[in-house]
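Heads up, the thing below is written out as structure tokens.
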Amino acid sequence: ETHLHDNMVKWDEPAGTELVPALCDVRDKKKLKALIAKYQPQVVYHAAAHKHVPILEEWPEEAVKTNVVGTNNLLKVVRSTGIERFVLISTDKTVDPKGVMGASKRMAEMLVQSAANTEIDGCIYSSVRFGNVLGSRGSVVPTFMEQIRAGGPVTITDERMTRYFMTIPEAVQLVLQASALAERGEVFVLDMGQPVR
């Protein structure tokens, strides 16, 4: 990889692979259909989501429109297109969800499981749950680091709160393993060891 600047990384393209950026909103079913038809991917990694917990508590309809309706749009477009595998990037907040973000992503997982159970298109569906990915956009760690650099205080929800953390390579490995190991609607979770207070 070659670092261009802090927020942009250029990845080397594997031989015979062309990376083509395409901007599309998962709420736009018509455009999703056109993109799938044009590029005919073999595998879809569905990472489009709203994931900012406090904002989604204030704007729950946006969480539903993107995380639930957007996922449903993509699943409908994937049907009968020859796509071999579909992997939803989910969150550990779907376990006994306490808020809108976790609940909307759990609904997305359920839609993926429902698609897997219909078995009409030959596509293999799965979901992958992540904890906090160190260095990713939306991770709490950069916020903590900024607060520490500024001399504090470090703001936390509750001093008893614990969080699981994983690195970007661990997250990527989990997604690739899920792609290879999935058979029918499984939800894969990385063993992230012990949570950190």
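Among the residues in the stretch 104-112, are any without any contact (Cβ under 8 Å) to a residue 24 or more places away in the chain, touching a Pro at 6+ places or on another chain (Cβ under 6 Å) and either of a type outside the set (A, V, I, L, M, F, W, C) or within 28 Å of GLU62 (Cα to Cα) (or both)? Please lay out each step first, then the result.
Just the residues of the stretch 104-112 that are without any contact (Cβ under 8 Å) to a residue 24 or more places away in the chain, to begin with: 106, 110.
Filter once more, keeping what is touching a Pro at 6+ places or on another chain (Cβ under 6 Å): 106.
Still in the running and either of a type outside the set (A, V, I, L, M, F, W, C) or within 28 Å of GLU62 (Cα to Cα) (or both): 106.
Yes, the stretch 104-112 has at least one match.
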Inset, instruction - Can you work out which of the residues in the stretch 25-46 that are exposed (fewer than 12 other Cβ atoms within 10 Å of the Cβ) and of a type outside the set (D, E, K, R) is nearest to ALA103 (Cα to Cα)? - result: GLN42
Legend entry - the stretch 173-197 - residue that is more than 30 Å from CYS123 (Cα to Cα) and either touching a residue at least 24 places away in the same chain (Cβ under 8 Å) or of a type in the set (A, V, I, L, M, F, W, C) (or both) and, of those, most open to solvent (accessible area, probe 1.4 Å): ARG197
Legend entry - Complete set of residues in the stretch 90-129 that are open to solvent by 30 Å² or more (accessible area, probe 1.4 Å), within 17 Å of ASN67 (Cα to Cα) and either touching a strand residue (DSSP E or B) at 6+ places or on another chain (Cβ under 7 Å) or among the polar types (S, T, N, Q) (or both): ASP92, GLN113, SER114, ARG129
Legend entry - Filtered residue count, the stretch 47-64, keeping only those that are open to solvent by less than 70 Å² (accessible area, probe 1.4 Å) and of a type in the set (Asp, Glu): 1
Legend entry - Members of the stretch 68-107 that are over 17 Å from the mean Cα position of the chain (by Cα) and acidic (Asp, Glu): GLU84, ASP96
Legend entry - Pick from the stretch 142-172, criterion at pLDDT below 85, not in a loop (DSSP other than H, G, I, E, B) and not aliphatic (A, V, I, L, M), ranking: most open to solvent (accessible area, probe 1.4 Å): PRO169
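The values are calculated or read from the model by the stated rules, or taken from the named source; none is laboratory data. Predicted model only: the values in this text are computed from it and were never measured. No Cβ is skipped: glycine too gets one built from the backbone with ideal geometry, and neighbour counts run over all protein chains shown. Quick note on the areas: whole protein, heavy atoms, side chains included, nothing else; ligands and nucleic acids left out. Shrake-Rupley method; radii C 1.70, N 1.55, O 1.52, S 1.80 Å.
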